[in-house]
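Accompanying notes for the structure given below.
The values are calculated or read from the model by the stated rules, or taken from the named source; none is laboratory data. Every value quoted in this text rests on a predicted model; they were computed, and no experiment measured them. Note: accessible area is taken over every heavy atom of the protein model, side chains too, but ligands, DNA and RNA are not part of it. Shrake-Rupley method; radii C 1.70, N 1.55, O 1.52, S 1.80 Å.
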Amino acid sequence: LKLNTMKKLILMIVAVSAILISCKTNQNVAKTENTLEGSWELKYITGPRIAFEGLYPNNVPNITFDLKENRFSGFNSCNRFTGSFTIDNNKISFQDDKTAMTMMACQGNGDQVFMSTLPKINSYNMSKDGKTLEFFMVEVAMMRFEKMEKK
């Protein structure tokens with residue numbers, strides 16, 4: 001009788017431990033997947049009456065976030081840029097900073113469209129899997145990005 005009770009107790013401890021470890025693991029996965037941290041490639045931008053491929057025929061813009069420093073940097077299809085941002089829950093602002101940018105001569109106006117849209121952004125939403133990021137102005141989706149693979 002005592003041996004049977006002991007087996008049940010050990011089995012229960014193992015089961016509870018497995019559940020606790022599983023919960024902790026899932027929490028860590030959710031934290032790392034669902035974050036702005038890292039690099040994102042532009043897949044959609046609203047506004048211009050020109051197709052996305054026509055706006056960015058050779059190089060697609062990207063943006064990288066460093067959450068520890070509240071800094072962003074990236075490439076607008078022609079020039080590199082960097083600056084700081086503020087974030088509060090799903091609210092984000094690129095307006096508080098003068099963004100520094102290289103000044104290469106660019107063909108077309110895709111770079112200008114990207115840089116003029118960024119300060120209009122005031123919130124963001126991320127897909128549950130953490131692979132798609134949307135930037136909004138009020139409730140209008142202005143930009144959509146996909147998470148870039150780490151190199």
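Key figures for this structure:
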quantity	calculated
Note, ³J(HN,Hα) from phi for the stretch 73-86, Karplus 6.51, -1.76, 1.60, rounded to Hz, x at Gly and Pro	8, x, 9, 9, 4, 9, 10, 8, 9, 7, x, 10, 9, 10
Accessible carbon and sulfur surface of the stretch 42-151 relative to its total accessible area, %, 1.4 Å	49
Sequence-distant residues sharing a close amide H with Met137 (under 5 Å, placed H)	Asn122, Met142
In Hz, Karplus ³J(HN,Hα) per residue of the stretch 115-126 (6.51, -1.76, 1.60; θ = phi - 60°; x = Gly, Pro)	5, 7, 7, 3, x, 7, 6, 10, 7, 9, 9, 10
For the stretch 39-49, Karplus couplings with θ = phi - 60° (6.51, -1.76, 1.60), whole Hz, Gly/Pro x	10, 10, 9, 5, 10, 7, 9, 8, x, x, 8
Kirkwood hydrodynamic radius over Cα pairs of the stretch 40-151, then Stokes diffusion coefficient at 4 °C and 1.567 mPa s, in µm²/s	90
Probe 1.4 Å, all protein chains present, accessible-area order of Tyr56, Tyr44, Tyr124, largest first	Tyr44, Tyr124, Tyr56
Arg80, Arg49, Arg71, ranked by accessible area, largest first (probe 1.4 Å)	Arg49, Arg80, Arg71
Computed over the stretch 83-151: relative contact order in percent, which uses C-alpha pairs under 8 Å that are six or more apart	23
